[in-house]
Amino acid sequence: MEPRAELIALFHAVVSALSAERLVREACAQGRAPRPASGGRLAALGLGKAAAEMLAGARAALGDDVDPLAFAVPAGSGGGVLIEGGHPLPDAGSLRAGEALLQAASSLAPSDAALLLVCGGGSSLAEAPRSPLDLDDMRAVNDSLLRSGAPIEEMNCVRAHLSRLKGGGLARALHAAGVRSARALVLVDVPQGGPAAVSSGPAAADPTTFAEAREIVRRRSVALPPRAAQLLQGGAEEETLKPGDPADFVEHVVLCDMRAPAAEAVRLSRRASRIGPLVRGPVDELAREYAHEVGEPGLFAASGEPELTVPKDAPPGGRAQHLALLMARALRGKPVAFLAAGTDGRDGPTSAAGAAVDGSTWEDAERRGLHPRDAIARFGAAACLETVGATIPFFRSGAHAGELHLLLSQ
């Protein structure tokens, strides 16, 4: 099999192994769902890109014993209790989903138990802004944060302090309703903070403060809309949920984390393989690090979430495709292939999951007059790679565990 095709096949095999439906189904079958008191019900709430698949897994294991109430999901997977929100920027559906989750939590009785199904993407798919913020404010906040290059934990700090849902807001609603049995099954897609940081931690305590959120905005030069800046500057009547607070009662169980994609790739590959450190940090630094791995034969696998600061006037693109084009430059003329793709099946606001390149990709782009150096400089990797047939088409993966990077040296 041609090396790029081999890496693409391996990527799809990894995604299948990390199926959110399977992970939740197995966890629930093993008794990891919370138990209601006598006469109570097991209510399910959730949010994230693979929340619909997570609910399917719970239903497969628990049948009619689970009562789904509200789920924030991406476009194309909604209906009934599945409420479609926007991603990577929130939309009107995101507001409906956020309010539905808070109302559903508040509707429970003390005898009920709450099964929370949480994965990445929920920060945008479900939104309940603090007063006086509205949808336009939150779209501007998220757009500025995404373009700032801030790591996910810093973005979550800012978002949590502008929200009634994030930073433990959902846990507060459950606790106020009298619920005392609650467990979150989580697919972790963040490099730091663990399950409490996923989707800005709606059911978890948040140790960060308004002061820290203001410092992040200052240091990262995040251009916030005036009302959001004023809210952060003045603080609010209530901080986010803090560790040790009575409402900090929801147990979080990790079903998959960001190290899993690389580990699965090594397990599934028939090549001599090695695993790199958890991926984080700027994309251009990663490209330089990966270039040092080229000389060793076999498969190198790494997974996590890199950082990329994108100018406001940049064309649609994604971190994985930008990294792939950087690697195409480093691999010129070498018998090596490289893949970078999101396990959720999408790389940023594009029609691709990522890209797979080799030693001929850069020359092919130049031969077609695509000017790949300019594409890197203006963050136009997506269009360049699509033209040379190097992109991996978007698909609904049913998984969510960050990015996977694969390097295959002959």
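Observations
- One residue stands out in the stretch 191-205 among those that are open to solvent by 10 Å² or more (accessible area, probe 1.4 Å) and in a loop (DSSP other than H, G, I, E, B): the one that is modelled with the highest pLDDT, namely ALA205.
- Subset of the stretch 141-189 [hydrophobic (A, V, I, L, M, F, W, C), over 20 Å from PHE71 (Cβ atoms) and assigned to a loop (DSSP other than H, G, I, E, B)]: ALA150, LEU162
- Given (1) crowded, with 18+ Cβ neighbours inside 10 Å; (2) outside any loop (DSSP other than H, G, I, E, B); (3) among the acidic types (Asp, Glu), index of the condition GLU285 fails: (1)
- Flag set for GLY167, criterion: in contact with an Asp or Glu (Cβ under 6 Å, 6 or more places away or on another chain) and either closer than 11 Å to ALA203 by Cα or open to solvent by 10 Å² or more (accessible area, probe 1.4 Å) (or both).
- Filter result (modelled with pLDDT of 95 or more and open to solvent by less than 80 Å² (accessible area, probe 1.4 Å)) within the stretch 232-244: THR240, LEU241, LYS242, GLY244
- Where a residue in the stretch 129-148 is open to solvent by less than 20 Å² (accessible area, probe 1.4 Å) and its partner, wherever it lies, is part of a helix (DSSP H, G or I) and among the β-branched types (Val, Ile, Thr), with Cβ under 7 Å and at least six apart: LEU145/VAL158
- Subset of the stretch 173-190 (residues that are buried (at least 24 other Cβ atoms within 10 Å of the Cβ) and of a type outside the set (Gly, Ala, Ser)): LEU174, VAL179, LEU185, VAL186, LEU187, VAL188, ASP189, VAL190
- Residue within the stretch 41-56 that is touching an Asp or Glu at 6+ places or on another chain (Cβ under 7 Å), within 21 Å of LEU170 (Cβ to Cβ) and of a type in the set (Asp, Glu) present: yes
- Boolean, PRO110 is farther than 18 Å from SER397 by Cα, modelled with pLDDT of 95 or more and open to solvent by less than 10 Å² (accessible area, probe 1.4 Å): no
- Evaluation of GLU296 against the conditions (1) of a type in the set (D, E, K, R); (2) crowded, with 19+ Cβ neighbours inside 10 Å; (3) touching a Ser or Thr at 6+ places or on another chain (Cβ under 7 Å) shows that the sole unmet condition is (2).
- Number of residues in the stretch 82-116 that are of a type in the set (D, E, K, R) and in a strand (DSSP E or B) equals 1.
- Only one of the numbered conditions (1) surrounded by fewer than 16 Cβ atoms within 10 Å (Cβ to Cβ); (2) at pLDDT below 95 is violated by GLU366, and that is (2).
- Matching helices (runs of 4 or more DSSP H) fully within the stretch 308-410 where at least 2 residues are touching a Pro at 6+ places or on another chain (Cβ under 9 Å), of a type outside the set (Lys, Arg) and over 30 Å from ALA197 (Cβ atoms): 361-367, 381-387
- Of the criteria (1) buried (at least 18 other Cβ atoms within 10 Å of the Cβ); (2) among the aliphatic types (A, V, I, L, M); (3) over 27 Å from PRO261 (Cα atoms), which one ALA92 fails: (1)
The values are calculated or read from the model by the stated rules, or taken from the named source; none is laboratory data. All values derive from a computational prediction rather than experimental measurement. With ideal geometry, Cβ positions are generated from the backbone for all residues, glycine too; neighbour counts draw on all protein chains shown. We work out accessible area using only protein heavy atoms, side chains counted, and drop any ligands, DNA or RNA first. Shrake-Rupley method; radii C 1.70, N 1.55, O 1.52, S 1.80 Å.
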